[in-house]
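Right, one structure below, let's go through it.
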Amino acid sequence: MSINRAQTVTDKDGSFRLVVAHQNPGIANWLDTEGQPFGLMFWRFFLAEGEVVTPTCEVVKLSEVDSIV
């Protein structure tokens with residue numbers, strides 16, 4: 001399962017939020033865990049221009065996804 005630049009829905013400032021969850025939280029950029037109990041996230045920055053900001057992750061309850069900015 002993956003999402004690329006063409007598929008990613010971005011905010012006005014160009015940033016985005018990606019949610020990996022076992023069910024659809026009702027927001028853009030959702031990746032389904034497909035029932036897997038664990039996984040690996042891999043970020044690839046190919047031909048990046050300028051500074052690349054290091055991605056950050058946070059584990060939250062599915063019911064709290066909408067309140068996370």
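The numbers here are math on the coordinates, done by the rules we state, and not lab data. Quick caveat: nothing in here was measured; it's all calculated off a predicted structure. With ideal geometry, Cβ positions are generated from the backbone for all residues, glycine too; neighbour counts draw on all protein chains shown.
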Next on the checklist: Just to be sure I understand the model, the point goes 7 Å from the Cα along the line to the Cβ. What's the resulting Val65 to Thr33 distance in nm?
Outcome noted: 1.1
Next on the checklist: With Kirkwood radius over Cα pairs in Å as the read-out, I listed (1) 16.8; (2) 15.5; (3) 13.7; which label goes with the value calculated from this structure?
Outcome noted: (3)
Item to check | Options Phe42, Ile68, Phe16, ranked by Cα towards positive dipole end of the chain, top entry (Cβ charges) | outcome: Phe42
Next on the checklist: Charges at C-beta only: +1 for Lys and Arg, -1 for Asp and Glu. How large is the resulting dipole of the chain about its Cα centre, in Debye rounded to 20?
Outcome noted: 120
Next on the checklist: If I take every Cα pair under 8 Å that is 6 or more residues apart in region 1-64, average their sequence separation and divide by the length, what percent do I get for the relative contact order?
Outcome noted: 24
